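The values are calculated or read from the model by the stated rules, or taken from the named source; none is laboratory data. This is a predicted model, so every value here is computed, not measured. Neighbour counts run over all protein chains shown; Cβ positions are idealised from the backbone, glycine included. These accessible areas exclude ligands, DNA and RNA; they are computed on the full protein's heavy atoms, side chains included. Shrake-Rupley method; radii C 1.70, N 1.55, O 1.52, S 1.80 Å.
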Amino acid sequence: VETFVADDVKDFAPYGLDKPRLEVRVWDSPKAEPSGYAIGARIPPKPFENYEAYYVRPLGSASVSTVHLHRRMEDLVREAGQFRSRRILGRDADAVRRIRIEAGGTGWTFEQAADGRGWECLEPHRCRLDLAAWDSTMLDPLKTLEASAIEPAARAGTAPAVGLLRIGFSDGTEQVLRTGPPDPLTRQVPVTVEGEDLVFWVSPATMNGILA
């Protein structure tokens with residue numbers, strides 16, 4: 001519910017909009033100018049109200065309105081990781097064509113066979129893989145690889161990587177995962193994804209099974 005308060009406002013301080021607590025911007029397309037609102041001071045609640053009311057200003061406007069939020073402001077202000085799916089693999093696992101694993105000073109490279117009917121190990125030893133065993137130990141776990149928690153990397157901290165998983169897809173793109181040592185208290189394994197400033201915490205059984 002939005003209610004008009006004032007137009008052609010010169011001083012936004014009485015509404016807490018000189019230094020908004022939150023700005024919401026929405027882009028219709030990457031090159032479009034954003035639209036949205038600045039959210040300012042909370043209006044003191046009245047008895048029996050089941051919502052929070054705030055002063056708001058459309059971005060680029062000199063008008064002020066009030067808006068009723070039926071969720072707490074704390075629920076709207078989220079860290080980036082809270083919008084990220086806990087499913088770590090950013091693509092369809094059926095599109096995986098090449099996997100490179102590095103752990104314990106050893107590297108393994110696997111690639112889908114040219115006929116598309118199986119997988120091969122290219123190094124350290126070249127051989128055809130048993131498809132059922134490969135699916136159960138690698139492809140199926142990748143499809144369901146999910147974090148129990150996600151934190152900003154700046155808060156979680158980053159330890160030197162002890163394992164690397166480089167996943168190549170059918171369109172030539174790839175996703176690179178790095179694992180650190182388990183947390184000494186929770187034993188969860190930290191996983192980072194190249195290009196994302198997040199740490200994904202994964203059960204050791206799941207991650208060790210993939211990197212074993």
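General observations
- Check on Arg71, at pLDDT below 85 and farther than 30 Å from Asp135 by Cα: yes
- Residue count, segment 90-122 (criterion: loosely packed, with under 12 Cβ neighbours inside 10 Å, of a type in the set (Asp, Glu) and not in a loop (DSSP other than H, G, I, E, B)): 1
- Qualifying residues in segment 1-33 (those that are small (Gly, Ala, Ser) and over 32 Å from the mean Cα position of the chain (by Cα)) - the one surrounded by the most Cβ atoms within 10 Å (Cβ to Cβ): Ala6
- Matching entry among Asp92, Asp171 (being over 18 Å from Leu211 (Cα atoms) and touching a helix residue (DSSP H, G or I) at 6+ places or on another chain (Cβ under 8 Å)): Asp171
- Residue that is most open to solvent (accessible area, probe 1.4 Å) [pool: residues in segment 42-53 that are in contact with a Leu (Cβ under 9 Å, 6 or more places away or on another chain) and more than 13 Å from Ser65 (Cβ to Cβ)]: Tyr51
- Number of the exception - Arg57 against (1) without any contact (Cβ under 8 Å) to a residue 40 or more places away in the chain; (2) open to solvent by less than 50 Å² (accessible area, probe 1.4 Å); (3) among the basic types (Lys, Arg): (1)
- Evaluation of Gly81 against (1) outside any loop (DSSP other than H, G, I, E, B); (2) modelled with pLDDT of 85 or more (one fails), failing number: (2)
- Members of segment 118-143 that are in contact with a Cys (Cβ under 7 Å, 6 or more places away or on another chain) and aliphatic (A, V, I, L, M): Leu129
- Residue within segment 44-66 that is of a type outside the set (Gly, Ala, Ser), at pLDDT below 85 and not in a loop (DSSP other than H, G, I, E, B) present: yes
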